[in-house]
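The values are calculated or read from the model by the stated rules, or taken from the named source; none is laboratory data. Just so it is clear, the model here is predicted, and its values are computed rather than measured. Positions of Cβ are generated from backbone atoms using ideal geometry, with glycine treated the same way; all protein chains shown enter the neighbour counts.
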Amino acid sequence: MTPSLSTLIAEELDRPVMAEARTIADAILARHGASVAAVLFYGSCLRTGDAGGILDVYVLTDDLRAYHGRFWPALLNAALPPTVSYLEAPGPTGMVRAKVAVMGTAAFARAVRGAGIDTTIWARFCQPAALLYARDAESRAAAIDAVAQAVATAARWAVRLGPESAQPAEYWTTLFRHTYGAELRAERGNRPALIHDWAANRYTRLLPLALARAEIATTENTDGRLCPQVPDRATARRAWARRRRLGKPLNVLRLMKAAFTFENGIDYILWKLERHSGRPLRVSPWQRRHPILASPLLLLKLYRDGIIQ
C-alpha cells in the first residue's frame with residue numbers, strides 16, 4: 001500500500017536531530033511554557049548538521065499575547081507574522097544560537113495553503129524539517145498536517161509553473177527558482193539545485209503524493225517523466241507574477257517591522273560580524289537599548305575599523 005503524504009511527513013518530522021536543537025527547544029519552553037504549541041526546526045543547520053551556525057526554528061502558538069507577554073508585540077505579530085528573535089542558550093559543547101520565528105497556529109495553517117501572496121512559509125516547509133516539540137497529540141497532528149499541506153502547495157505551484165511534462169527534479173528546481181525570485185534573497189544562482197540535490201530522493205518520492213493531495217491528476221511516462229493535468233498554466237503564471245511583484249515589498253515590510261521587534265537583534269548582528277571578522281565587538285548599554293538610534297555611529301565605527309566594507 002502506498003503511504004499517504006501525511007504519513008511520510010510524520011515520519012520525517014520525527015527524524016533524529018542534533019542535541020543543540022533540543023537545547024534551543026528546551027530554552028524556548030522554559031521561557032514561554034504552555035503558550036508553545038509546537039517547535040519546528042528547519043534550514044541549513046538541519047541539512048548540514050552544523051551546530052556552530054545559527055539554527056532556524058519556528059514556534060507555533062495559539063496565544064500570541066501569552067507568548068509575547070505584552071499587547072503590542074502580539075498585535076504586530078498577528079498583523080504581519082512572523083515575529084523573529086535571537087536566542088542563545090548554553091549547550092553540550094558551548095553556546096547554541098538560534099533565530100526564532102514565532103507565528104500563530106491558525107496563521108501558519110492559512111499560510112501553508114498558499115492562497116495569499118506570501119510564498120515564504122510554504123516554500124520553507126516543503127523542505128525537510130523536524131518537529132522538536134509538540135504540546136499534545138492535537139498540536140502534533142496540526143503541525144504534521146500543516147507541513148504536509150506546505151508540500152502539497154509547493155507541488156501544486158511546481159507543476160503549474162513548470163513544463164507540461166518533466167522529471168520531478170525539474171519541477172522542484174523550477175519552483176525553488178521562482179520562490180527565491182519572489183523574496184529578498186542574496187543566495188547564489190545555484191541555490192535551487194543545491195536545495196533539491198541535498199534530498200533528491202525525498203522530493204521525487206513526495207511529488208506524486210503531494211499532487212494527489214492537491215487534487216492534480218498525474219500520469220507517469222516509462223522514462224519517469226510526470227505529466228500533471230494542469231488546465232491553464234497561463235493563468236497560474238499571471239497569478240505568480242502578482243506574488244513576485246508583491247513578495248519583495250512584503251519582505252521589506254517585515255524587515256521594517258523587525259527593526260523594532262527583533263528581540264536581541266543586536267546580539268545576532270554582533271555574532272554575525274564577529275564570526276565574519278574574527279574580532280570581538282563591544283557595544284555600550286545605551287547602544288544595546290537603542291540599536292536604531294545607535295546604528296549610524298556603530299556603522300561608521302565598523303567601517304573605519306575595516307569590519308564592514
Discussion item. If the requirement is being small (Gly, Ala, Ser), under 19 Å from residue 24 (Cβ atoms), crowded, with 21+ Cβ neighbours inside 10 Å and touching a helix residue (DSSP H, G or I) at 6+ places or on another chain (Cβ under 8 Å), which of these qualifies: 89, 98?
Written reply: 98
Discussion item. Cβ-Cβ distance below 6 Å, separation of 6 or more or different chains: which pairs start in segment 225-245 with a residue that is touching a residue at least 40 places away in the same chain (Cβ under 8 Å) and end on one that is outside any loop (DSSP other than H, G, I, E, B) and loosely packed, with under 11 Cβ neighbours inside 10 Å?
Written reply: 227/219
Item to complete: Name every residue in segment 69-101 that is farther than 22 Å from residue 179 by Cβ and touching a Phe, Trp or Tyr at 6+ places or on another chain (Cβ under 7 Å), in order of residue number.
Response: 85, 86, 97
Discussion item. Just to be sure I understand, how many residues within segment 101-123 are in contact with a helix residue (DSSP H, G or I) (Cβ under 7 Å, 6 or more places away or on another chain) and assigned to a helix (DSSP H, G or I)?
Written reply: 7
Practice prompt. Take residue 164 and decide whether it is surrounded by fewer than 18 Cβ atoms within 10 Å (Cβ to Cβ), in contact with a strand residue (DSSP E or B) (Cβ under 9 Å, 6 or more places away or on another chain) and not in a helix (DSSP H, G or I).
Written response: yes
Worksheet, complete the sentence: When residue 74 is run through (1) free of Cβ contacts under 8 Å to residues at least 12 places away in the same chain; (2) surrounded by fewer than 15 Cβ atoms within 10 Å (Cβ to Cβ); (3) not in a loop (DSSP other than H, G, I, E, B), the failure sits at (2)
Worksheet item: Is it the case that segment 168-184 has a residue that's at pLDDT 95 or above and not in a helix (DSSP H, G or I)?
Response: no
Fill in: Residue within segment 27-50 that is under 25 Å from residue 192 (Cα atoms) and more than 16 Å from the chain's Cα centre (by Cα) present
yes
Worksheet item: Looking at segment 19-28, is at least one residue polar (S, T, N, Q), modelled with pLDDT under 95 and over 17 Å from residue 142 (Cβ atoms)?
Response: no
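Looking at 118, 56, 50, 62, which is the one that is exposed (fewer than 15 other Cβ atoms within 10 Å of the Cβ) and charged (D, E, K, R)? Give the steps one after another, and end with the answer.
Numbers: 118 fails: exposed (fewer than 15 other Cβ atoms within 10 Å of the Cβ); 56 fails: exposed (fewer than 15 other Cβ atoms within 10 Å of the Cβ); 62 fails: exposed (fewer than 15 other Cβ atoms within 10 Å of the Cβ).
Step by step, each of 118, 56, 50, 62 is checked, and only 50 is exposed (fewer than 15 other Cβ atoms within 10 Å of the Cβ) and charged (D, E, K, R).
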Item to complete: Look at segment 124-143 and say how many of its residues are crowded, with 23+ Cβ neighbours inside 10 Å and in a helix (DSSP H, G or I).
Response: 2
Practice prompt. Return the pairs, sorted by first residue and then second, in which the second residue is surrounded by fewer than 22 Cβ atoms within 10 Å (Cβ to Cβ), the first residue lies in segment 31-52 and is basic (Lys, Arg), the beta carbons are less than 7 Å apart, and the residues are 6+ apart or on different chains.
Written response: 47/128; 47/198
Discussion item. Tell me the residue from 263, 274 that is among the acidic types (Asp, Glu), under 23 Å from the mean Cα position of the chain (by Cα) and at pLDDT below 90, please.
Written reply: 263
Practice prompt. Would you mind stating whether residue 169 is out of contact with any Leu (no Cβ under 8 Å at 6 or more places or on another chain) and of a type in the set (A, V, I, L, M)?
Written response: yes
Response to the item:
Matching residues in segment 190-215 (out of contact with any Ser or Thr (no Cβ under 7 Å at 6 or more places or on another chain) and surrounded by fewer than 20 Cβ atoms within 10 Å (Cβ to Cβ)) number 14
Worksheet item: Can you find even one residue in segment 188-203 that is of a type in the set (Ser, Thr, Tyr) and at pLDDT below 95?
Response: no
